[in-house]
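*Asks:* Here it is: the structure, laid out below.
The values are calculated or read from the model by the stated rules, or taken from the named source; none is laboratory data. Note that this is a predicted model, so its numbers are computed, not measured. Note: ideal-geometry Cβ built from the backbone for every residue, glycine included; neighbour counts use all protein chains shown. In case anyone asks, the SASA skips ligands and DNA or RNA and just uses the protein heavy atoms, side chains included. Shrake-Rupley method; radii C 1.70, N 1.55, O 1.52, S 1.80 Å.
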Amino acid sequence: VPGVSLDFNYNTDGYEGDTAEDRKSQDGSETMPFIDESPTMSPHLCARGQDGEAVSPTLMFTLACLSDYTEKGLEMKKLVLSGFLASEEIYINQLEALMLPMKPLKATATTSKPVLTMEQIETIFFMIQDIFVIHKEFYDAISPNIQQWDEKVTVGHLFQKLASQLGVYKAFVDNYKVAVETAEKCSLANSQFQKISEVRYFITYDHSIFYSLMFVFAALLYKPIDRVTRSTLVLHDLLKHTPKDHPDFPLLQDALRISQNFLSSINEEIDPRRTAVTTPKGEVRQLVKDGFLVEVSEGTRKLRHVFLFTDLLLCAKMKKTAVGRHQQYECKWYIPLADLSFQTLDDSDSLPHIQTLPEHEIEEMKIKISSIKSEIQKEKKAQKSQSRNVDRLRKKMNEQESCLLLHSPTIPFRIHNKHGKSYLFLLSSDYERSEWRESIQKLQKKDLQACVLSSVELQVLTGSCFKLRTVHNIPVTSNKDDEESPGLYGFLHVIVHKATGFKESANLYCTLEVDSFGYFVSKAITRVFRDTTEPQWNEEFEIELEGSQCLRILCYEKCYDKSKLNKDDNEIVDKIMGKGQVQLDPQTVQSKNWHMDVIEMNGIKVEFSMKFTSRDLSLKRTPSKKQSGVFGVKISVVTKRERSKVPYIVRQCIEEVEKRGIDEVGIYRISGVATDIQALKAAFDANTKDILMMLSDMDINAIAGTLKLYFRELPEPLLTDRLYPAFMEGIALSDPAAKENCMMHLLRSLPDPNLITFLTLLEHLKRVAEKEPVNKMSLHNLATVFGPTLLRPSESESSKAHITLASDIWSHDVMAQVQVLLYYLQHPPISFAELKKNTLYFSTDV
C-alpha cells in the first residue's frame, strides 16, 4: 500500500526502561513479563500513515463504536465484540511477528553450517503456524460482521468454530516450557541466532536483542492460556447481552462450555495430562492403552504403534527422521470406537495371503540372537563395554530381534470399520489379543458418538502420541538397560492345582505362556475338566525358559460346537474365562522349595505352585542307582537285558505318537502333564504288565514327554560323550564333502544300540515333520527339541567346558547340538546296513 510500511514495534508507554531487577516481585522471584492487550499495547505489526503516526484499523473502529455509543447508544454486545476483535488483531500480529525468523532459520538448517537444527526450530516454533491460521480465519470472518452490524447479525457459529479448534492449543501448551528453555539456550550459545533475530525484530527501546527476544517468547508463549481465558470472559459477557431467543445464544453457550472444559483440563495435575489430549470440543481424550502390533497390509507384515483412546483407535508408524531430529508418528488410519466391530472368519471369508518365513529361518534368527548376546557378554567381561564393537553388536542384535518380532506372530486379530475397510493384526499370544479386545469393548459400553477428525485435528492427535505413549520401545533385549534382568534360562516346574469362582458349570482348561525373545509362546495346556465350577487339575508341567521374565495363565471354556469352528488354524474359538500373569522373580522361584501363588482373574482364582531349575543344574545326567529299570541306565545295558536292538520304551512311545499324536499341534513342543509323565516313567521302570493300557489312555503329550525324558536322563547322551567334541567340530566344517564324510564316519563310530536307536528316532521325527502343515512341527522345530537331549554331555564332560552363564550354554552348545541333529534330519535316508558296510573302507581312509 503506497505510503504504508511495516515494522515490528514495541510501544513503550507501559514498558519503558524496566530492567530484570524491575521485573522482580516483592518476594524477589522473577515474574512473567506483562503485556497489556489494549489496542495501544506492546509488540505488534502496525500500519503507519504518511505522517508516520501509527494507525490501527481496529482501534479506529473501536473508537468509532465508542463515539457512536455515546451518541446513538449502540448495544453493549457490539462493544464487547469490538474490544475482543481489537485484541484479536494484536494477537495475530504477535504470532505473525514471531514467525518471521522461521524462514531464514529453516533455510540454514539444511546447509553444512546451520544456525539451529531443524529439531530446535520445530521445538521453538511448535504449532505457531497452526494457531496463526485458526485466529486469522476467525478474525477475517468476524470482522465484516461487526463493521456491518445490525441486530440480525450472528457470530455464535464463529465462536463455536474457534472453540472447537482449541485442541490445537493442548500440544502447544504442553510444549511451552521446552520451547522457552530451547530458545534461551540457543540465544546464549549462538550469536548467529541473535543476529537473525536482530534483522527480523526492530526494537525501539534500548535493550539487548537477547532480552527482547526472550521477552517475546516468554510473553507470547504464555498467551494461549491468556487467549482462552479472555475468550471465556468475552463469551460470558456476550451471553449476558444476548437474548435467549436469539440464534446466537445456544451457539455461544456451547462455545463457553467447550472453553471452560479446556481450561479445566489445562489446570489438572501434570500426570493425568501426560496420558490425555484435549479434543477440538475441549473434552479430554484419554490414552487407555498403546503398544506395538504387527499389521498385515497388502500381504506384508508391518510393525505399527497402536493407540487406544477413549473414543477412537489410532494406528501409526514412526516417521523416518534425520539424526538429531525430533521423532514423530505418522497416522496410517483411525477408527472411531462407535464404528468399530470385531470381524470373525466365517465360511465365506479367508485370511489374506500373509508373508511368512519358514520355521527354520525363525529358529536361525534365535540362534543368531543368542550368539550375539554371548559375544556382547564376552566384550563386557574383557572390559570393552564402551568399545565401538559392543555398539556394532547391539545394532546387529536389534536388527535380528526386530525381524523376529515382526515375523513370529501368527494369531489373527481383526477389526472392522462399519463405514470402511477391515484391518488385520497378527499377535503372538491369545492373552494379548484378549487384552486389546476387552479394553475396546469396555470403552464401547459408554455412550460414544462417532468422531470425524479434520486433517488438523488428526495431525494434533498424532503429534501428541509421541508424548502420551506408555510403550517407548519394541520389546527386544537390545532396548533394555544393562542393569535389567536378562531373564531366566532353565526349566520352570509349574503345578496348576485348581480354580474357583465360576458361576456356572463349564468345560474348563488352562494354558501356560512364557515370554521368549520379546514375545510370548504357549508352552503347556491342562486337560479339560468337564461340566464343573471347581476344576481340580493338579497337573505339573516342566517349561523350558529362554530368558523369560513372566508366566501367564489363561483359563478357557472348551468349545465342542463344530459349527463355531472355522478353517483358520490359528483362530482360537474357545472362550477366555479369565487371564493373569506373574513376574518370575529369580529370588523367589530359584528356591529349592515349591512357591505357591494365586492369580485372580475376573473373579476367578487359579492356584498354582512353581519352582525353577537353572539350565546348568537341569543339564546334569545322573545315573540311576537302580539298574533294573530303564531311566538313567545305559542304553547298552537296557537293550542287552531286553534282547532288543531298540529299547522297548522308545519303540512303544514312537508307535503311540504315530498312531494318534502325529497330527497333534505342537507335538514334542507342548509339555505333557508332569504327573502323567512320572507315572509312565515308574511303569516303564517297573516293567508293569498293563503299560500298554496306560499308554492308550494317556494324553499324547505326556507320552511324547516321556520319550524326551528317557533320552534326557540317559547317564551318557545317545551320541556319546566320547564323540561329542568330534560332532561339534564336524558340524562346523565349511566344505560340504568334508562335512559329509566326517558326519557319516561319526555315526559309524557309535555303538550299535546307540546307532540303531538314533536311526529309528530319526526316521520317526522325519515322519512327524511330514505333517508340519497340521502339527506345526518342522524339522528345525524337532531338532531344537531333541538336539540338546541327544547330544548334551554328561556332567563330567560338561564341567570341562567351564561355562558360567546360562545364556552362554544356549548360544554355543545348544546351537551346535541343534545343527548336528538337523543335519541328519535333512539328510537322505541313512541305512544301518550301508553304514556298517562302509565301515572298513572309511576307517582305512581316515
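*Asks:* If you check 508, 492, 461, 448, which single one turns out to be assigned by the TED database to the domain that holds residue 332, touching a residue at least 60 places away in the same chain (Cβ under 8 Å), of a type outside the set (Gly, Ala, Ser) and touching a Phe, Trp or Tyr at 6+ places or on another chain (Cβ under 9 Å)?
*Replies:* One residue alone meets the criteria, 461.
*Asks:* Mind checking which residues of the stretch 111-133 are of a type in the set (A, V, I, L, M) and either at pLDDT below 90 or in contact with a Pro (Cβ under 9 Å, 6 or more places away or on another chain) (or both)?
*Replies:* Within the stretch 111-133, 115, 116, 118, 121, 124, 127, 128, 131 qualify.
*Asks:* Scan the stretch 627-643 residue by residue and report those that are under 27 Å from residue 699 (Cα atoms), open to solvent by 30 Å² or more (accessible area, probe 1.4 Å) and not in a helix (DSSP H, G or I).
*Replies:* Listed by number, the list holds a single entry, 628.
*Asks:* Separate question: Residue pairs, Cβ under 6 Å, 6 or more apart or interchain, first in the stretch 83-110 and at pLDDT 85 or above, second open to solvent by 30 Å² or more (accessible area, probe 1.4 Å) and not hydrophobic (A, V, I, L, M, F, W, C). List them.
*Replies:* Correct list of pairs: 86/39; 88/139; 92/136; 92/139.
*Asks:* Please return the ranges of helices (runs of 4 or more DSSP H) entirely within the stretch 698-800 where 3 or more residues are of a type in the set (Asp, Glu) and outside the structural domain of residue 528 (by the TED database).
*Replies:* Result: 752-770.
*Asks:* For the stretch 482-545, please list each of the strands (runs of 3 or more DSSP E) lying entirely inside it that holds at least 1 residues being under 19 Å from residue 579 (Cβ atoms) and open to solvent by 40 Å² or more (accessible area, probe 1.4 Å).
*Replies:* 488-500, 519-525, 529-532
*Asks:* Looking at this structure, is residue 675 touching a residue at least 60 places away in the same chain (Cβ under 8 Å) and among the polar types (S, T, N, Q)?
*Replies:* Here the answer is yes, as residue 675 does meet what is asked.
*Asks:* Here's another thing I want to ask about it. Could you tell me which residue of the stretch 449-459 is farthest from residue 418 (Cα to Cα), considering only residues that are out of contact with any Asp or Glu (no Cβ under 9 Å at 6 or more places or on another chain) and not in a helix (DSSP H, G or I)?
*Replies:* Checking each candidate, the answer is 454.
*Asks:* Is it the case that the stretch 616-626 has a residue that's at pLDDT 80 or above and surrounded by 14 or more Cβ atoms within 10 Å (Cβ to Cβ)?
*Replies:* No: the stretch 616-626 contains no residue that is at pLDDT 80 or above and surrounded by 14 or more Cβ atoms within 10 Å (Cβ to Cβ).
*Asks:* May I ask you to list pairs of residues, at least six apart or on different chains, whose Cβ atoms are under 9 Å apart, with the first in the stretch 144-157 being modelled with pLDDT of 80 or more and among the β-branched types (Val, Ile, Thr) and the second being outside any helix (DSSP H, G or I) and open to solvent by 50 Å² or more (accessible area, probe 1.4 Å)?
*Replies:* Here the result reads 154/247, each pair linking the stretch 144-157 to a residue that is outside any helix (DSSP H, G or I) and open to solvent by 50 Å² or more (accessible area, probe 1.4 Å).
*Asks:* A follow-up question, please. Specify which of the listed residues (471, 456, 452) is touching a His at 6+ places or on another chain (Cβ under 9 Å) and surrounded by fewer than 18 Cβ atoms within 10 Å (Cβ to Cβ).
*Replies:* 471
*Asks:* Further question on the same structure: When you scan the stretch 688-708, how many residues do you find that are of a type in the set (Val, Ile, Thr) and within 43 Å of the chain's Cα centre (by Cα)?
*Replies:* The number of residues fulfilling the criteria is 3.
*Asks:* Out of the residues in the stretch 546-573 meeting the condition of being modelled with pLDDT of 85 or more and not in a strand (DSSP E or B), tell me which one is least open to solvent (accessible area, probe 1.4 Å).
*Replies:* Taking the candidates together, the pick is 549.
*Asks:* Evaluate the following for residue 753: is it open to solvent by 10 Å² or more (accessible area, probe 1.4 Å) and under 39 Å from the mean Cα position of the chain (by Cα)?
*Replies:* So residue 753 does not fit the description; no.
*Asks:* If you go through the stretch 397-448 one residue at a time, how many are aromatic (Phe, Trp, Tyr) and part of a helix (DSSP H, G or I)?
*Replies:* 2
*Asks:* So, one more: Name the pairs: first residue in the stretch 513-536 and farther than 24 Å from residue 698 by Cβ and not assigned by the TED database to the domain that holds residue 492, second residue surrounded by 22 or more Cβ atoms within 10 Å (Cβ to Cβ) and of a type in the set (A, V, I, L, M), Cβ to Cβ under 7 Å, at least 6 apart or on different chains?
*Replies:* Partner pairs satisfying both residue conditions: none exist.
*Asks:* Further question: Output the residues belonging to the stretch 797-833 that are at pLDDT below 90, of a type outside the set (Ser, Thr, Tyr), exposed (fewer than 12 other Cβ atoms within 10 Å of the Cβ) and farther than 20 Å from residue 724 by Cα.
*Replies:* Hit for the stretch 797-833 is 833, nothing else.
*Asks:* Now for a different question. For the stretch 64-77, check the following and say yes or no: at least one residue is modelled with pLDDT of 80 or more, hydrophobic (A, V, I, L, M, F, W, C) and part of a helix (DSSP H, G or I).
*Replies:* Among the residues of the stretch 64-77, not one is modelled with pLDDT of 80 or more, hydrophobic (A, V, I, L, M, F, W, C) and part of a helix (DSSP H, G or I), which makes the answer no.
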